[in-house]
Amino acid sequence: MAKKLALIASKGTLDWAYPPFILASTAAALDYEVQIFFTFYGLTLLKKDLGDLKVSPLGNPAMPMPVPMPNLVQMLPGMESMATMMMKQKIATKGVASIEDLRNACIETGVKLIACQMTVDLFDFKKEDFIDDIEFGGAATFFEFAGESDVQLFI
Amino acid sequence: MDFDKELDATNLNCPLPILRCKKGLSEINAAQVLKIMATDPGAVKDFQAFCKQTGHELLQLDEAEGVYTFYIKKHA
């Protein structure tokens, strides 16, 4: 019987979009059955348009910067867009997959994507904002699969 | 070494070489051999781990000028 991987994706920034989609697509390639439960800011990763994903250096002292930059400078208007642009350039030049590509790889290999219904209601998201290949559910839906999974991770 | 299908996964980073490999294996028959090239140094361990977990056989691994070439025999 296939191994199972259950993930919770709770973050919606460009950098944190990678771990759930990398792990899910790789697990699917290793013949795992995979489900990802997207909750709170993670729901952003199910939007049709992923172009809004951003990365912020603010409050993240571990983020490599070309020159050392105090927090006060990082909060200036335009810094977030600049950091995002630089990250996207790096991603392209280093042969790292785009989030779109990884998400498509997940969908093509049968990874089940579940949107947290509660968060959808909380943030007034509309179903038409999301891609078609998803289901909606709650905590009990997650546990139905997670309870019988070999690996469960909260990201 | 003889092979039945060749894939180029050079200049791609984790997890793309593994995803390409998986797709390539799905397009050949059991016991046929896939040749796949990668430049990601992490791919060496990853391909070994991939084969160990999926039952495909890593027949040979060559390295030349930073390019790793894997020959993988699809399991029955």
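The values are calculated or read from the model by the stated rules, or taken from the named source; none is laboratory data. Worth saying up front: this structure is predicted, and the values here are computed from it rather than measured. Positions of Cβ are backbone-derived with ideal geometry, glycine not excepted, and every protein chain shown enters the neighbour counts. Surface areas here come from the heavy atoms of the whole protein model, side chains and all, with no ligands, DNA or RNA. Shrake-Rupley method; radii C 1.70, N 1.55, O 1.52, S 1.80 Å.
Looking across the range A:99-113, just one residue is closer than 18 Å to A:Gly12 by Cβ and in contact with an Asp or Glu (Cβ under 7 Å, 6 or more places away or on another chain), and that is A:Leu113.
May I ask you to list the residues in the range A:146-155 that are open to solvent by less than 80 Å² (accessible area, probe 1.4 Å) and either in a strand (DSSP E or B) or more than 20 Å from A:Arg103 (Cα to Cα) (or both)?
Once the filter is applied, which keeps residues that are open to solvent by less than 80 Å² (accessible area, probe 1.4 Å) and either in a strand (DSSP E or B) or more than 20 Å from A:Arg103 (Cα to Cα) (or both), the range A:146-155 yields A:Ala146, A:Gly147, A:Ser149, A:Val151, A:Leu153.
Considering the range A:71-115, the residues that are charged (D, E, K, R) and not in a helix (DSSP H, G or I) include one that is nearest to the other protein chains (Cβ to nearest Cβ), namely A:Lys94.
Got a number for residues in the range A:29-42 being within 14 Å of chain B (Cβ to nearest Cβ) and open to solvent by less than 10 Å² (accessible area, probe 1.4 Å)? Adding up the residues that qualify gives 2. Candidates in the range A:120-144 are the residues that are in a loop (DSSP other than H, G, I, E, B), open to solvent by 30 Å² or more (accessible area, probe 1.4 Å) and in contact (Cβ under 8 Å) with a residue 60 or more places away in the chain; of these, the one that is nearest to A:Gly51 (Cα to Cα) is A:Phe125.
Figure legend. Inter-residue proximity from the range B:3-31: first residues more than 21 Å from A:Lys94 (Cβ to Cβ), second residues of a type outside the set (S, T, N, Q) and open to solvent by 80 Å² or more (accessible area, probe 1.4 Å), beta-carbon distance below 7 Å, spacing 6+ or different chains. Indicated pairs: B:Lys5/B:Glu27; B:Ile28/B:Asp4; B:Ala30/B:Ala76; B:Ala31/B:Ala76. Within the range A:1-23, being within 10 Å of chain B (Cβ to nearest Cβ) and either under 19 Å from A:Glu144 (Cβ atoms) or assigned to a strand (DSSP E or B) (or both) holds for one residue alone: A:Lys3.
The lone criterion from (1) touching a residue at least 24 places away in the same chain (Cβ under 8 Å); (2) over 18 Å from the mean Cα position of the chain (by Cα); (3) not in a helix (DSSP H, G or I) left unmet by A:Ile36 is number (2).
Out of B:Glu6, B:Glu65, B:Glu27, I need the residue that is open to solvent by 60 Å² or more (accessible area, probe 1.4 Å) and closer than 21 Å to A:Cys106 by Cβ. Which one? Outline the logic, then answer.
On the way: B:Glu6 fails: closer than 21 Å to A:Cys106 by Cβ; B:Glu65 fails: closer than 21 Å to A:Cys106 by Cβ.
None of the other options fit; the residue is B:Glu27.
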